[in-house]
Amino acid sequence: VPFQTAQVEKINMTIEAGKNHYSVYIGHHLWDSLLFQSEVKSKKIFIVTDEMVEKFYLKKFIDSLKDKYEINYFVLPPGESFKTVLMVEKIATRLLELNYSRDSTLVAFGGGVVGDLAGFLASIYKRGLSYVQIPTTLVAQTTAAVGGKTGVNHALLKNAMGTFYHPQCVIMDTAFLMSLDDRQFSNGLSEVIGYGLILDADFFYWLKSIIFDNTAREIQNLKKIVFHCCRLKKSIVEEDEQDNGRRAILNFGHTFGHAIESLTHYQSFLHGEAVAIGMRIALTLSQLLGWISVEEVQLVIDVLLKANLPVQLPQSITVNDLMTAIQKDKKNNENEQRFILLKSIGEAIISSRIPLELVRNAIESSYSFR
Ligand code: MG
């Protein structure tokens, strides 16, 4: 577990986004209270965390910092269904009762839900206070914690309300990933595979080999996954911080995935699982457009299945339901539906001129394994 070993192999990456620049520290057994103290100068910190992290790490974390800071915390129940405005208000009530001011620091200590929600709260509480991301899941370390997007869900739309608000720093200790259960680990692999598909064919084929060898959870591979995904994300975020252009490719599989999540009321699938089904639909659509081959689609499906991810649309979602739901996607402009598709493995394109009949066909053929 973290907190016991001295830091090893620290990677320090700086994100430049507009006026913001901040450090992302990555390493195995990286946690060090001195590192935290060098970044956080306020007297009071408030930790937002979840039940999983509370069970394994919260006490040790607080013990390592309690001599230096006044500390309070809030524990979220697990899952996307609690990533709501209501929960934001509930935590804000605690902050107000305990007199947290703008020079206090919020700490998002947990998975993607914790990071998105705490980041959103930090961006609006008294018009903004600093926050630190300490992501503990593979999803959070490889996607959510880098890039400054915050948000909460609405019953009608995933991440319907949110802000761009960068943390003061991000501390990623890959040792946290050792305690993830298999389902949570697979959940994270989904977006990791997505990075390979949209940006880096070599990375995709390397992932394929470690997934088929069952070595994805080995420490050397974990470190390589987290560091490489952060490097890919950094390059995209620095190019298009506000998501007006190329950053949209990171949403490969998400138009369908978010629709699947909201249609199942955030209860049936973890985010990465819904995205896996979404990527499968987007791959099939790319194949129907003649960009990638049937064999390539099948190869990706096999990798997703080997990673214990779902690739089939559940029967409870009809083609019409999904067609209607994807029209609410945030990536759409007023007049056009945008899709993130693959030109080839390792190369994504954003396209707004896709015949809806083909989209329908791609959805229809995604109820089966092949
Ligand atoms: Mg995602």
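The values are calculated or read from the model by the stated rules, or taken from the named source; none is laboratory data. Everything quoted here is computed from the prediction, not taken from an experiment. Positions of Cβ are backbone-derived with ideal geometry, glycine not excepted, and every protein chain shown enters the neighbour counts. Side chains included, ligands, DNA and RNA excluded: accessible areas come from the protein's heavy atoms. Shrake-Rupley method; radii C 1.70, N 1.55, O 1.52, S 1.80 Å.
Condition check for Glu239 on (1) free of Cβ contacts under 8 Å to residues at least 60 places away in the same chain; (2) within 28 Å of Thr14 (Cβ to Cβ); (3) out of contact with any Lys or Arg (no Cβ under 8 Å at 6 or more places or on another chain): one failure, at (3). Of the residues making up segment 29-48, not a single one is free of Cβ contacts under 8 Å to residues at least 12 places away in the same chain, among the charged types (D, E, K, R), part of a helix (DSSP H, G or I) and open to solvent by less than 70 Å² (accessible area, probe 1.4 Å). Based on what the data block shows, is Thr49 within 16 Å of the ligand (Cβ to nearest atom) and either closer than 23 Å to Asn12 by Cα or modelled with pLDDT of 95 or more (or both)? No.
Taking the residues in segment 81-129 that are hydroxyl-bearing (Ser, Thr, Tyr) and in contact (Cβ under 8 Å) with a residue 24 or more places away in the chain as candidates, determine which candidate is surrounded by the fewest Cβ atoms within 10 Å (Cβ to Cβ).
The residue in question is Ser101.
Every condition in (1) farther than 21 Å from Gly253 by Cβ; (2) open to solvent by less than 20 Å² (accessible area, probe 1.4 Å); (3) within 16 Å of the ligand (Cβ to nearest atom); (4) hydrophobic (A, V, I, L, M, F, W, C) holds for Phe164 except the one numbered (2). Note on segment 173-187: residues that are surrounded by fewer than 19 Cβ atoms within 10 Å (Cβ to Cβ) and touching a residue at least 60 places away in the same chain (Cβ under 8 Å) total 4. A count restricted to segment 91-104 and to residues that are assigned to a loop (DSSP other than H, G, I, E, B) and closer than 22 Å to Phe36 by Cα stands at 5.
In the set (1) within 14 Å of the chain's Cα centre (by Cα); (2) on the phi > 0 side of the Ramachandran plot, the condition left unmet by Gly119 is number (2).
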